[in-house]
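Asker: Sharing a structure, written as structure tokens. Questions coming.
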Amino acid sequence: MTTVEEVAPEVFRATGTDVNVVILRDGDALTLIDGGYPRDVGAVEDAIRLLGRRPEDVEGMLLTHAHIDHMGAIVAFHERYGTPVFTDPTEIAHLRRDHLEQATGKDFIPMLHKHGVLPWLVRIARAGATKKLALDGALVFPSDGPLDLPGAPAPVATHGHTSGHTAYHLPRSGVIVTGDALVTAHPLSKIAGPQLLPAVFDHGGPDTLAALDRLAELDADILVPGHGPAVSMPIAEAVELARGRARA
């Protein structure tokens with residue numbers, strides 16, 4: 001069942017398979033941030049219709065990073081409707097699959113006995129995690145600062161989780177869409193609240209922690225992550241919690 005939560009005026013979090021997508025609404029027009037797994041496309045379409053809009057009303061799409069669990073509706077909408085996709089210039093090559101910065105099945109074999117791993121692997125396999133997915137034709141952000149898209153999202157470079165990972169700040173509503181740079185839950189994590197993803201998902205090493213500095217500088221008190229519920233707290237406080245948990 002598709003769920004849609006309005007986390008701030010005209011800012012909506014919808015859920016896919018253990019992953020979030022974000023929809024920004026401005027009148028009849030929408031911006032989509034991330035797209036879930038390949039088989040979450042129907043859930044994203046349902047979420048849009050629950051808002052009284054159609055997938056064709058999405059004027060632009062933003063990708064935090066090119067992992068399969070964020071690409072589903074991004075690729076589908078681009079192919080079906082020609083909806084433009086914007087992301088960090090470094091991430092464009094990752095999205096084309098010129099290279100891959102993503103955990104693969106063999107990375108989880110030593111972890112099968114650990115908390116939540118096996119049922120999560122089954123769920124995401126059903127959601128299309130093993131599908132070969134790429135997109136050629138994504139665009140670099142056309143300007144610095146807020147973009148000329150519904151909701152006026154402003155890209156924030158948070159390179160680390162992937163080489164071109166990007167968060168999106170919504171200054172008008174005090175929201176930060178953090179993608180996987182900072183999450184609030186994950187099926188493989190035993191804790192709840194602001195945290196980094198388990199190390200198996202990380203491809204940036206020290207850069208992943210450094211990306212938190214960029215987030216902490218922002219004026220935002222609603223955190224919408226790639227995984228887990230939205231949280232209301234100053235972003236600097238959320239970053240400090242995540243840092244403490246990483247040290248522990």
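The values are calculated or read from the model by the stated rules, or taken from the named source; none is laboratory data. Because the structure is predicted, anything quoted here is derived from the model rather than measured. Cβ sites come from the backbone with ideal geometry, for glycine too, and all protein chains shown count toward neighbours. These accessible areas exclude ligands, DNA and RNA; they are computed on the full protein's heavy atoms, side chains included. Shrake-Rupley method; radii C 1.70, N 1.55, O 1.52, S 1.80 Å.
Asker: In segment 162-207, which residues are among the small types (Gly, Ala, Ser) and assigned to a loop (DSSP other than H, G, I, E, B)?
Answerer: Across segment 162-207, the qualifying residues are 163, 164, 173, 174, 181, 185, 189, 192, 193, 204, 205.
Asker: While we're here: Would you pick out the residues in segment 168-198 that are under 12 Å from residue 222 (Cα atoms), of a type outside the set (D, E, K, R) and surrounded by fewer than 23 Cβ atoms within 10 Å (Cβ to Cβ)?
Answerer: Once the filter is applied, which keeps residues that are under 12 Å from residue 222 (Cα atoms), of a type outside the set (D, E, K, R) and surrounded by fewer than 23 Cβ atoms within 10 Å (Cβ to Cβ), segment 168-198 yields 171, 173, 174.
Asker: Quick one: in segment 219-233, of everything that is of a type in the set (Gly, Ala, Ser) and part of a loop (DSSP other than H, G, I, E, B), which residue is surrounded by the most Cβ atoms within 10 Å (Cβ to Cβ)?
Answerer: Ranking the candidates gives 226 first.
Asker: Would you please name the residue that is surrounded by the fewest Cβ atoms within 10 Å (Cβ to Cβ), looking only at residues in segment 61-87 that are under 13 Å from residue 162 (Cα atoms) and not polar (S, T, N, Q)?
Answerer: If we take residues in segment 61-87 being under 13 Å from residue 162 (Cα atoms) and not polar (S, T, N, Q), then 68 is surrounded by the fewest Cβ atoms within 10 Å (Cβ to Cβ).
Asker: Anything in segment 234-243 that is assigned to a helix (DSSP H, G or I) and either basic (Lys, Arg) or open to solvent by 30 Å² or more (accessible area, probe 1.4 Å) (or both)? List them, or say none.
Answerer: Correct list: 236, 237, 240, 241, 243.
Asker: So which residues in segment 37-60 are farther than 14 Å from residue 12 by Cβ and either free of Cβ contacts under 8 Å to residues at least 12 places away in the same chain or surrounded by 24 or more Cβ atoms within 10 Å (Cβ to Cβ) (or both)?
Answerer: 37, 40, 42, 54
Asker: Moving on. With respect to residue 91, is the statement that it is out of contact with any Lys or Arg (no Cβ under 7 Å at 6 or more places or on another chain), under 29 Å from residue 240 (Cα atoms), among the acidic types (Asp, Glu) and buried (at least 20 other Cβ atoms within 10 Å of the Cβ) true?
Answerer: yes
Conditions (1) at pLDDT below 95; (2) under 14 Å from the mean Cα position of the chain (by Cα), marked per residue:
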{"position": "57", "(1), (2)": "no, no"}
{"position": "65", "(1), (2)": "no, yes"}
{"position": "71", "(1), (2)": "no, yes"}
{"position": "79", "(1), (2)": "no, no"}
{"position": "92", "(1), (2)": "no, no"}
{"position": "112", "(1), (2)": "yes, no"}
{"position": "151", "(1), (2)": "no, no"}
{"position": "158", "(1), (2)": "no, yes"}
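Asker: Inspect all residues belonging to segment 18-26 and state whether any of them is open to solvent by 30 Å² or more (accessible area, probe 1.4 Å), part of a loop (DSSP other than H, G, I, E, B) and farther than 15 Å from residue 150 by Cβ.
Answerer: Scanning segment 18-26, I find at least one residue that is open to solvent by 30 Å² or more (accessible area, probe 1.4 Å), part of a loop (DSSP other than H, G, I, E, B) and farther than 15 Å from residue 150 by Cβ, so the answer is yes.
Asker: Then there is this: What's the number of the condition residue 61 fails, among (1) of a type outside the set (D, E, K, R); (2) in a loop (DSSP other than H, G, I, E, B); (3) in contact with a His (Cβ under 9 Å, 6 or more places away or on another chain)?
Answerer: With (1) of a type outside the set (D, E, K, R); (2) in a loop (DSSP other than H, G, I, E, B); (3) in contact with a His (Cβ under 9 Å, 6 or more places away or on another chain) applied to residue 61, the lone miss is (2).
The rows are residues; the columns are (1) touching a Ser or Thr at 6+ places or on another chain (Cβ under 9 Å); (2) open to solvent by less than 20 Å² (accessible area, probe 1.4 Å).
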site	(1), (2)
110	no, no
114	no, no
119	no, no
123	yes, no
128	yes, yes
132	no, no
138	yes, yes
143	no, no
148	no, no
